[in-house]
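The values are calculated or read from the model by the stated rules, or taken from the named source; none is laboratory data. Since the model is a prediction, treat every value here as computed from it, not as a measurement. No Cβ is skipped: glycine too gets one built from the backbone with ideal geometry, and neighbour counts run over all protein chains shown. Heads up: the accessible areas ignore ligands, DNA and RNA and are worked out on the full protein's heavy atoms, side chains in. Shrake-Rupley method; radii C 1.70, N 1.55, O 1.52, S 1.80 Å.
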Amino acid sequence: MTRKALSAAALLLLIVLLLLGFSTATLTAVRTPLSLGDYVAIWGLKGRAIERGGSLASVFRVDPDGATSHPEYPPLWPMVLAGFARATGGWDELVLTLLRPFLLVGALAGAAAATRAPPPYRLLAAAAVSLLPYWRSPLYAGYAEPLLVVLLLAALLESGREGKGAALRLAFVLALAALTKQEGAWAALVTTGTLVAARRRVPALAALGGWVLGVVPWTLYRHAHASTSLADFSLAAFRPLGVLAAVGALAREAGPAALAVAAVAGGLLALAPRTRQRRRGLLLALGAYLLGLLGAFAFARVDVGWLVRWTWDRLGFVPLVLLVPVLAEALAEALDGPSAEGAPAGETGEGASSATPLADRRQEPLLPPSLETSSSGPTTIPFPAALHMS
Amino acid sequence: MSVPLAPPRLRPVVAALLAGGALAFLAAGALAPDLPFRDSMALAARFWGANRTTRLLNAPGFAREAAFARHVLDLDAAWPLASDAVLVAGPDVSRERADALLRKAAYLLAPRRVALCRGQEEGVRLLRAPGPGEEGR
């Protein structure tokens with residue numbers, strides 16, 4: 001088989017994987033109405049309250065004591081649910097599922113655009129993101145993480161660009177991320193620190209501005225509605241051993257998955273010194289992001305083991321999506337050599353180069369020569385028991 | 001800094017194996033869904049062909065409490081949005097079940113506040129309560 005044929009076969013395989021990921025994730029999301037877990041208790045409850053009450057303050061009315069629905073959480077995702085419901089003729093839990101494929105497309109486009117490598121590797125990054133298990137959990141169909149990853153991928157893209165326009169867009173998407181989840185606010189702070197360390201003053205100020213815009217108005221607003229504390233965390237609950245408890249719980253709950261990710265990521269990055277160097281800032285930022293999340297468990301009011309058990313996969317999903325473009329770049333470097341480098345659309349910063357097809361830029365074969373063998377009205381609908389989840 | 005993980009000639013092979021293994025693992029997960037493809041499609045067809053109320057009552061999170069959800073939807077239609085509600089749970093209702101019913105009632109009755117209290121009668125009841133601005137009327 002010729003190199004050209006191998007490249008075409010690899011491309012075809014990646015397209016098939018992307019379609020597999022997108023179609024199975026979409027089918028999982030849109031086959032049943034949103035009705036499970038935190039959707040009913042938190043996101044959907046607040047979205048429905050906003051849509052039907054006509055006011056953002058409704059999120060405090062439904063749960064003034066903050067007992068079950070976390071009214072202190074940032075409000076953007078419930079507002080998106082409410083806005084989408086208004087735009088589509090009223091609150092319908094099944095129509096709302098259509099948001100998921102839109103966000104998935106955004107995440108795939110973001111992952112591809114954030115990958116600084118030739119197009120096949122961008123396609124690979126998108127395929128890998130589409131295949132992550134998070135998208136196929138029916139429980140998570142109405143959750144906020146997809147919006148957060150779209151915004152943070154956009155922030156990753158904008159943070160690599162220069163100019164006032166890019167800085168404004170960075171501030172905007174980080175503000176929206178901070179308004180989506182508390183992890184978004186933490187990501188904005190980590191981005192600020194990373195850009196300061198890189199002595200990129202304008203983007204750093206923009207990232208800080210995004211954090212301020214995303215955090216301060218909402219904090220003032222919720223304080224005005226007597227929502228002054230976090231339900232699951234507080235400074236008074238500080239226990240240094242909480243971090244150790246979280247590490248132990250993580251080892252029990254996520255040990256094999258974390259080891260697998262570490263092995264693949266560590267292995268690919270070990271083979272790609274130029275990618276490690278070029279993406280050092282992002283890798284450090286992801287490490288700081290994870291350390292921050294881990295440190296937060298020291299302030300948990302609730303049982304740390306319980307908290308880790310119900311959150312680790314969602315918390316890990318966001319940095320994993322942001323890591324995928326870097327791993328695709330590392331693979332490109334290991335397969336094609338250090339010159340296998342593309343620039344995100346609109347990239348003007350250092351290290352930018354034109355993206356050309358894999359076959360044209362390859363310096364080493366895609367596969368070892370030994371593998372190149374050829375030259376050529378209410379009714380009851382019965383549901384499967386597996387779907388009956390409380 | 002370069003890590004001498006593998007000789008240069010072997011690096012593409014190692015990288016391809018790592019990436020290929022990871023993609024294969026992820027693809028295997030996508031190919032082994034929680035429901036067979038045909039069942040998923042049938043489920044989607046039934047839900048998308050149903051009306052809004054039917055969808056809600058048969059949604060996975062409500063189907064087991066469909067009678068309760070139906071009753072709450074009737075109250076939702078009858079009560080003004082300005083009112084609030086109290087869910088009274090009898091001594092035979094466990095804490096976990098009362099909390100689960102409270103979450104469902106709060107969702108269906110939003111933006112009304114639904115408070116939980118314990119009663120002497122068995123079972124659960126939903127009572128209308130004065131909402132903000134309704135007190136004293």
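Things worth noting here:
- Note on A:L19/A:K164: beta-carbon distance plugged into 1/(1 + (r/R0)^6) with R0 of 51 Å gives a FRET efficiency of 0.85.
- The stretch A:96-213: relative contact order as a whole-number percent, Cα under 8 Å and 6+ apart: 21
- Legend: calculated FRET efficiency, B:A66 to A:A5, from the Cβ-Cβ distance at R0 = 51 Å, rounded to 0.05, equals 0.35.
- Residue of B:F62, B:F47, B:F37 that the Gaussian network model of chain B assigns the largest fluctuation, springs spanning Cα pairs under 10 Å: B:F37
- Segment B:L81-B:F25, extension gain: residue separation times 0.36 nm, minus the distance between their alpha carbons: 15.2 nm
- Rounded to the nearest 0.05, the FRET efficiency derived from the C-beta distance between B:C117 and A:T88 at R0 = 60 Å is 0.95.
- Inter-chain shielding of A:259-266 (mean C-beta neighbours from other protein chains, 10 Å cut-off): 2
- Restricting attention to the stretch B:64-129, close to 55% of DSSP beta bridges with both partner residues there are antiparallel.
- Surface listing: A:K164, A:K46, B:K104 arranged by accessible area from highest to lowest gives A:K164, B:K104, A:K46, probe 1.4 Å.
- Peptide A:319-330 - average C-beta neighbours from other chains (10 Å radius): 1
- Note, ³J(HN,Hα) from phi for the stretch A:315-322, Karplus 6.51, -1.76, 1.60, rounded to Hz, x at Gly and Pro: 5, x, 4, 5, x, 5, 4, 6
- Here the stretch A:122-197 and the stretch A:226-267 have alpha carbon centers that stand 20 Å from each other.
- Heavy atoms of A:T2 accessible to a 1.4 Å probe, total area in Å² rounded to 10: 50
- Going by accessible surface with a 1.4 Å probe and the largest first, A:D303, A:D232 read A:D303, A:D232.
- Ignoring lysines fewer than eight residues from A:K46 along the same chain, the ones with Cα atoms less than 28 angstrom from its Cα are A:K181, B:K104.
- Calculated diffusion of the stretch B:64-129, Stokes-Einstein form, Kirkwood radius summed over Cα pairs, 37 °C and 0.692 mPa s, µm²/s: 280
- C-alpha center-to-center spacing [the stretch A:290-330, the stretch B:64-104] in angstrom: 34
- Measuring heavy-atom accessible area with a 1.4 angstrom probe and counting protein chains only, the residues of the stretch B:100-116 that give up at least 40 Å² relative to the chain alone are B:R103, B:Y107, B:A110, B:P111, B:R113.
- Long-range amide H partners of A:F233 with built H, under 5 Å: A:R301
- Protein accessible surface hidden between B and A, which excludes ligands and nucleic acids, total in Å², probe 1.4 Å: 5500
- Start at zero, step by 10 Å, and the Cα-Cα distances of the protein assembly as shown spread as 4, 17, 26, 25, 16, 8, 3, 1, 0 percent across the bins.
- DSSP beta bridge pairing in the protein assembly as shown, given as percent antiparallel to the nearest 5: 60
- Accessible surface, the stretch A:92-145, averaged per residue in Å² (probe 1.4 Å): 21
- Taking amide H as placed 1.01 Å from N in the peptide plane, the amide H of B:L116 sits under 5 Å from that of B:L87, each at least 5 places away or on another chain.
- Helix-only CD estimate at 222 nm, as mean residue ellipticity for chain A, using -39500 (n - 2.57) per DSSP H run (n ≥ 4): -20500 deg cm²/dmol
- Residue-level accessible surface for A:L103, protein heavy atoms, 1.4 Å, Å²: 30
- For chain B, the Kirkwood hydrodynamic radius comes to 19.6 Å, computed from all pairs of different C-alpha atoms.
- The HN-Hα couplings worked out from phi for the stretch A:167-175 by the Karplus form 6.51 cos²θ - 1.76 cosθ + 1.60 (θ = phi - 60°) are 5, 5, 5, 4, 4, 5, 5, 6, 4 Hz, whole numbers, x standing for Gly and Pro.
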